[in-house]
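Below you'll find the structure I mean.
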Amino acid sequence: MTKTHPSKERTFVLIKPDGVQRGLIGEIIKRYENVGLKLVGMKMLVPDPDHVEAHYTLDPNWRRVTGEKTIKGYREKGLTPPSEDPLEITAKILENLKKYMSCGPVVAMVWQGAHAVKIVRKLTGGTEPLTSDVGTIRGDYVLDSYQMSDPDNRAVRNLIHASGSEEEAEIEIAHWFSDSEMTNYRMVHEEILYDVNLDGILE
Ligand code: ADP
Ligand code: MG
């Protein structure tokens, strides 16, 4: 990956069908705008289930990591996980995710700015809404849990997908957007966020 200026870091965000249905598109966009990030790409679409599967399996470790995270989530609450095999757990999650993500329109976005990946994950909150921090989007706007979703054999509804690392962001952006669908432009507020000398304010 070619290293560009840190203020040009990009991340991929998707408002899932429940976010659109809950009327939260504006609220979610506002959270990322408020922090100073710049929207450089956005579109609404109904994703194909195969496109969703490809999205989640772009990272070869995703199956293992997500299964392990689920097992840990159960254990931390003193509950028994549905299986001890992370891959068995993720196989089910993936099937359910395909159904969830393709059930209606989603809003796909690319956000740019310093530490875009980490800042967006921080504002978005942890995967399981029950334990997402208060003040995060998932913590403030939704109430699902593995305990609710797993017996019903469905994906946990948490409003948003956001890239987990810079590497993940790069491949996810390429999976959802062509270069011509993103726009390079300057915003006036970038002066106050990134300018070194701040010598253009006083008259
Ligand atoms: P994140 O979206 O926080 O990066 P993951 O990449 O681990 O989380 O998982 C992708 C998505 O799969 C989650 O956002 C959630 O919708 C769903 N999911 C993850 N783990 C579970 C689970 N144990 N049960 C149901 N759905 C899950
Ligand atoms: Mg993830």
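The values are calculated or read from the model by the stated rules, or taken from the named source; none is laboratory data. All values reported here derive from a predicted model rather than from experimental measurement. Glycine gets a Cβ as well: all are built from the backbone with ideal geometry, and neighbour counts include every protein chain shown. Areas reflect the complete protein model, heavy atoms only, side chains present, ligands, DNA and RNA absent. Shrake-Rupley method; radii C 1.70, N 1.55, O 1.52, S 1.80 Å.
One residue is enough: does region 58-81 have a residue meeting the conditions more than 23 Å from Glu167 (Cα to Cα), part of a loop (DSSP other than H, G, I, E, B), touching a Cys at 6+ places or on another chain (Cβ under 9 Å) and touching a residue at least 60 places away in the same chain (Cβ under 8 Å)?
no
Please go through region 88-129 and give me each residue that is aliphatic (A, V, I, L, M) and away from ligand 1 (no atom under 13 Å from the Cβ), ordered by number.
Val107, Ala108, Met109, Val110, Ala114, Ala116, Ile119
Can you name every residue in region 148-164 that is within 16 Å of ligand 2 (Cβ to nearest atom), assigned to a loop (DSSP other than H, G, I, E, B) and either among the polar types (S, T, N, Q) or open to solvent by 70 Å² or more (accessible area, probe 1.4 Å) (or both)?
Hits for region 148-164 are Arg157, Asn158, Ser163.
Suppose we keep only residues that are buried (at least 16 other Cβ atoms within 10 Å of the Cβ) and within 17 Å of Glu27 (Cα to Cα) within region 130-139. Which one would you say is nearest to ligand 1 (Cβ to nearest atom)?
Applying the filter and picking the extreme gives Arg138.
Would you pick out the residues in region 82-108 that are more than 16 Å from ligand 2 (Cβ to nearest atom) and within 15 Å of the chain's Cα centre (by Cα)?
Val107
Assuming Thr183 fulfils every condition listed in (1) in contact with a Gly (Cβ under 9 Å, 6 or more places away or on another chain); (2) within 14 Å of ligand 1 (Cβ to nearest atom); (3) closer than 20 Å to Arg10 by Cβ apart from one, which condition is it?
If we test Thr183 against (1) in contact with a Gly (Cβ under 9 Å, 6 or more places away or on another chain); (2) within 14 Å of ligand 1 (Cβ to nearest atom); (3) closer than 20 Å to Arg10 by Cβ, just (2) comes out false.
From the list Leu45, Leu58, pick out the single residue that is over 16 Å from Asp140 (Cβ atoms), open to solvent by 20 Å² or more (accessible area, probe 1.4 Å) and either among the aromatic types (Phe, Trp, Tyr) or in contact with an Asp or Glu (Cβ under 9 Å, 6 or more places away or on another chain) (or both).
Leu58
Now for a separate question. Go through region 114-147 residue by residue and tally those that are hydroxyl-bearing (Ser, Thr, Tyr) and either closer than 29 Å to Asp195 by Cβ or assigned to a helix (DSSP H, G or I) (or both).
So the count comes out to 4.
Give me the pairs: first residue in region 127-138 and within 16 Å of Leu97 (Cβ to Cβ), second residue of a type in the set (Asp, Glu) and within 11 Å of ligand 1 (Cβ to nearest atom), beta-carbon distance under 6 Å, and six or more apart or on different chains, which are they?
Pairs found: Pro129/Asp144.
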